[in-house]
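Every read-out reported here was derived from the displayed coordinates using simple, explicitly stated rules and does not represent laboratory data. Here the structure is a predicted model, which means the values were calculated and not measured. For neighbour counting, all protein chains shown are included, and Cβ atoms are generated from backbone atoms with ideal geometry for every residue, glycine included.
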Amino acid sequence: EVFIDSCLFVNNRQPNHVPEWQWEQFGDRYVGSTIEIYSSVHHDSLLPTITFSNCEIRDNDDGGIFSSGPANVNFDNVQVINTERLGIRVESSVGNVNARNVLIDGTAQQDNWFGYPQEEEWIYQSAFPLLADTVTATNITITNCDVPYLIIGKDSRPDQVRYENFLLWNNQYDILEAADLTPEHLVE
């Protein structure tokens with residue numbers, strides 16, 4: 001298990017201009033997040049848990065949090081303020097995401113390697129994409145963002161996605177994308 005608790009990441013900058021994503025050219029690594037965690041465990045009984053709690057990621061020019069690989073990922077009392085390209089992104093081929101009391105404020109578009117919307121680059125310019133087996137998100141605020149997508153839950157089955165108490169305010173785009181979500185999945 002990985003616990004990241006009571007942390008502050010402020011004013012981190014790349015030393016040179018590097019686009020957010022180019023898999024092969026950067027040694028099979030993503031570029032564009034202040035915090036990146038990758039899990040390579042591929043056995044369900046060994047699935048790791050990654051927990052972010054009481055964290056603030058602020059004024060970073062290249063993204064907030066990116067977690068990839070099979071894992072259960074939890075966010076509790078996390079703020080991502082004034083980042084470029086990406087607020088919080090989870091890409092878990094196997095695993096669950098639980099988010100509670102999360103603020104994404106001021107995530108703004110920046111250049112794209114391939115350019116939107118080619119090569120699925122849209123997903124890297126988003127405020128809060130959660131791609132996992134199940135997604136539960138409660139008390140989420142997304143404000144002042146200028147990215148093509150705000151929330152994505154495409155890899156989850158519709159009956160395994162629950163968003164509750166969401167506030168979307170003053171965003172340039174209000175695009176929510178999720179596989180077959182119906183109003184009963186968005187609970188006031």
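Between Glu56 and Val10, 0.36 nm times their residue separation minus their Cα-Cα distance comes to what?
Going from the current span to full extension adds 15.8 nm.
Taking amide H atoms as placed 1.01 Å from N in the peptide plane, list the residues 5 or more away in sequence, or in a different chain, whose amide H sits under 5 Å from that of Val161.
Correct list: Val135.
What FRET efficiency do you get for Thr143 and Glu1 if R0 is 35 Å and r is their Cβ-Cβ distance, rounded to the nearest 0.05?
Efficiency at R0 = 35 Å is approximately 0.65.
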